[in-house]
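Engineer: One structure coming up, written as structure tokens, with questions to follow.
The values are calculated or read from the model by the stated rules, or taken from the named source; none is laboratory data. These numbers were taken from a predicted model, which means no experiment stands behind them. Cβ atoms come from the backbone with ideal geometry, glycine included; neighbour counts cover every protein chain shown. Ligands, DNA and RNA are stripped out before the accessible areas are found, and what is left, the full protein with its side chains, is counted by its heavy atoms. Shrake-Rupley method; radii C 1.70, N 1.55, O 1.52, S 1.80 Å.
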Amino acid sequence: MKKKRQSIHKATSHLHNPITQTPIFTNSISQLTLFIFLSLSLTPLSLSSSSSSSLPKKPPPLPILPLPSAPQLQWQLGHMAMFLHFGPNTFTDSEWGTGHVDPSAFNPTKLNATQWVKVAKDSGFSRVILTAKHHDGFCLWPTEYTNYSVSSSPWRNGGGDVVGELAMAAREAGIGLGLYLSPWDRHEPFYGKTLEYNEFYMGQMTELLTRYGEIKEVWLDGAKGEGEKDMEYFFDSWFSLIHQLQPGAVIFSDAGPDTRWVGDEAGVAGSTCWSLFNRSDAKIGDTDYQYSSGGDPFGHDWVPAECDVSIRPGWFWHLSELPKSAGTLLDLYYKSAGRNCLLLLNVPPNSSGLISSEDIQVLQEFSELRRSIFSHNLAINALINASCTRGGSSHSWFNPYNVVKEGIQSYWAPEVNQSNWILYLNLQEIVSFNILQVQEPIQMGQRVIEFHLEVLNEDGEWNEVINGTTIGYQRLLQFPTVKSQYLRFVIDKARADPLISYLGIYMDEFSILSNLSNTTSQASINGSQVLHGHIASNHSQISAI
């Protein structure tokens with residue numbers, strides 16, 4: 001930790017009593033007396049109902065553009081989605097199908113979409129996204145535009161509909177449904193003929209968006225093998241059609257329009273990650289990976305990043321492959337959902353049509369790790385004060401205690417035209433912790449550029465624990481374990497007056513930190529500590545549902 005070589009007097013010289021707005025110390029006060037006095041000043045404000053109701057309400061600050069749409073906001077609040085890669089590749093031990101595999105290869109005799117959805121929901125995922133058509137062109141619904149589909153397979157005697165069964169299961173479970181319709185089609189003869197194929201693609205898209213109820217996300221990309229036919233996609237026409245037929249859906253692609261690819265398939269976002277983006281500077285199929293990873297603080301569009309990664313080495317199920325450990329998934333969670341992104345974790349069903357028991361076990365352990373770390377905010381009972389509060393300390397709707405309330409609708413707001421933006425926390429006891437969680441109310445725009453956290457040591461000196469860039473919907477930062485009763489969260493730089501909706505500290509006893517710097521942290525996981533003894537092993541029952 002980097003020490004701030006300053007006395008407690010200097011470190012708190014701008015802190016005022018919230019009632020009198022006069023300095024709460026004099027030079028003659030000893031550090032110990034000052035410290036006790038400071039603690040007393042951080043007690044909750046008690047306002048009579050008559051005095052608070054008699055004050056005119058201070059309006060919220062103006063949002064700073066760009067802002068998320070309602071579907072984008074709902075997408076971000078979900079924080080994790082499950083990808084389901086499934087199709088002929090599942091049965092042929094391949095990743096990119098040729099488009100010429102006989103439909104008879106597709107026969108998942110135990111397919112149970114309800115099991116897929118239950119696994120996703122039990123593991124904390126807000127939506128599932130199915131590869132309705134991958135690059136091989138095989139369709140998991142009975143499309144009227146090609147015979148290369150489930151209708152030509154032996155599964156359900158040619159009468160099956162994977163998309164339909166998943167849509168019903170998701171609806172009954174109350175989680176969202178997304179669909180991936182690959183632009184690249186290695187089977188369709190029209191592919192390479194611009195007008196004919198765009199008509200074909202939009203016809204299939206219309207089927208998917210009008211047959212299966214509400215669709216929360218439409219996923220497409222610019223993937224195409226080298227040497228394949230040249231093809232111009234009418235992306236703007238596709239996007240307009242999608243928004244017309246499913247106005248509540250977000251559209252994912254390399255360049256948005258609603259959510260963007262983070263630029264890798266490792267599930268890792270940049271340590272600086274803006275939801276702001278310039279769509280005009282991005283091209284589907286020709287990604288600037290650095291730009292996609294970090295976003296753009298000067299961007300004119302709101303296009304948050306999605307981090308896609310597979311639980312296994314491949315995207316489709318292969319008998320010879322094993323899933324990542326729960327500890328690895330936790331590390332990916334810190335580097336995706338903990339960096340203002342949504343984690344899209346691929347969990348491919350096997351050739352029987354079920355999610356494999358070993359994948360379920362890992363997901364249960366991953367859920368238990370998150371629960372054990374994040375179920376209790378160690379700052380929940382803290383006495384909290386701020387350098388200033390919008391409208392004065394009597395305006396409770398912006399007061400600093402909002403930062404320990406769940407959700408992003410309430411928040412602390414500082415007074416305008418201030419240069420010091422600081423939250424002070426008295427935990428009321430010495431606490432050990434190594435995780436910082438911070439959230440902004442992104443419905444008001446993304447604001448914070450730089451921030452840091454300090455703790456007060458036994459010598460009355462403020463030590464910097466960690467610093468970071470960008471917060472957005474959620475920022476999770478790891479650092480070596482510290483012990484303190486007094487914390488100071490400092491916002492160093494922002495695009496506008498910063499707003500903080502949540503601040504939490506936690507203890508992660510499972511990650512092992514290494515190669516730490518002030519602005520980033522890397523973690524490995526001790527696999528022997530992944531709570532094997534604390535998780536009920538009911539994966540065999542789930543896999544058979």
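Engineer: Using a cut-off of 11 Å between beta-carbons, work out the net charge of the residues near LEU220 (Lys and Arg +1, Asp and Glu -1, LEU220 not included).
Structural biologist: On the way: positive: LYS133; negative: GLU217, ASP221, ASP254.
Net of charged neighbours comes to -2.
Engineer: Taking the Cα centre as origin and putting +1 on Lys and Arg beta-carbons and -1 on Asp and Glu beta-carbons, what dipole magnitude results for the range 70-375, to the nearest 20 debye? Show your work: numbers first, answer last.
Structural biologist: On the way: 22 positive and 39 negative charges, 188 e Å.
Charge dipole, the range 70-375, about its Cα centre: 900 debye, nearest 20.
Engineer: Counting only heavy atoms of protein chains, what accessible area per residue, in Å², does the range 379-454 have with a probe of 1.4 Å? It would help to have the intermediate numbers written out before the result.
Structural biologist: Numbers: 2470 Å² over 76 residues.
Result: 32 Å² per residue.
Engineer: Further, regarding this structure: Note down the net charge around GLU196, summing +1 for each Lys or Arg and -1 for each Asp or Glu among other residues with Cβ under 13 Å from its Cβ.
Structural biologist: -2
Engineer: Next question. Roll a 1.4 Å probe over the protein chains and send me the accessible area per residue for the range 294-342 in Å². Present the calculation step by step, with values, prior to reporting the outcome.
Structural biologist: Values: 1450 Å² over 49 residues.
Per-residue accessible area for the range 294-342 comes out at 30 Å².
Engineer: Another one. So how strong a dipole does the range 383-516 carry about its Cα centre when Lys and Arg Cβ are +1 and Asp and Glu Cβ are -1, to the nearest 20 debye?
Structural biologist: Its charge dipole is roughly 480 debye.
Engineer: Can you give the net charge of the other residues whose Cβ lies under 10 Å from the Cβ of TYR145, counting K and R as +1 and D and E as -1? Working shown, then result.
Structural biologist: Working: positive: none; negative: GLU144, GLU188, GLU199, GLU207.
Value of the local net charge: -4.
Engineer: Along each of its three principal axes, how wide is the spread of alpha-carbon positions in the range 70-375, in whole angstrom units, largest first?
Structural biologist: Sorted largest first, the three principal extents are 47, 43, 36 Å.
Engineer: If I compute solvent accessible area with a 1.4 Å probe over the protein chains, what percent of it on the range 383-516 is carbon and sulfur? Let's see the in-between values first.
Structural biologist: Working: 1880 of 4260 Å².
Of all accessible area on the range 383-516, carbon and sulfur atoms account for 44 percent.
Engineer: Then there's this: If you put +1 on each Lys and Arg Cβ and -1 on each Asp and Glu Cβ, how big is the dipole of the range 162-237 around its Cα centre, in Debye rounded to 20?
Structural biologist: On the way: 7 positive and 15 negative charges, 39 e Å.
Value, rounded to 20: 180 debye.
Engineer: For the range 259-321, what % of the accessible area comes from carbon and sulfur atoms, probe 1.4 Å?
Structural biologist: Working: 1270 of 2530 Å².
Result for the range 259-321: 50 percent of the exposed heavy-atom area is carbon or sulfur.
Engineer: A further question on this structure: Pick out, from LEU209, GLY225, PHE252, the residue whose Cα sits farthest towards the positive end of the charge dipole of the range 190-257, with +1 on the Cβ of Lys and Arg and -1 on the Cβ of Asp and Glu.
Structural biologist: My answer, from the dipole projection, is LEU209.
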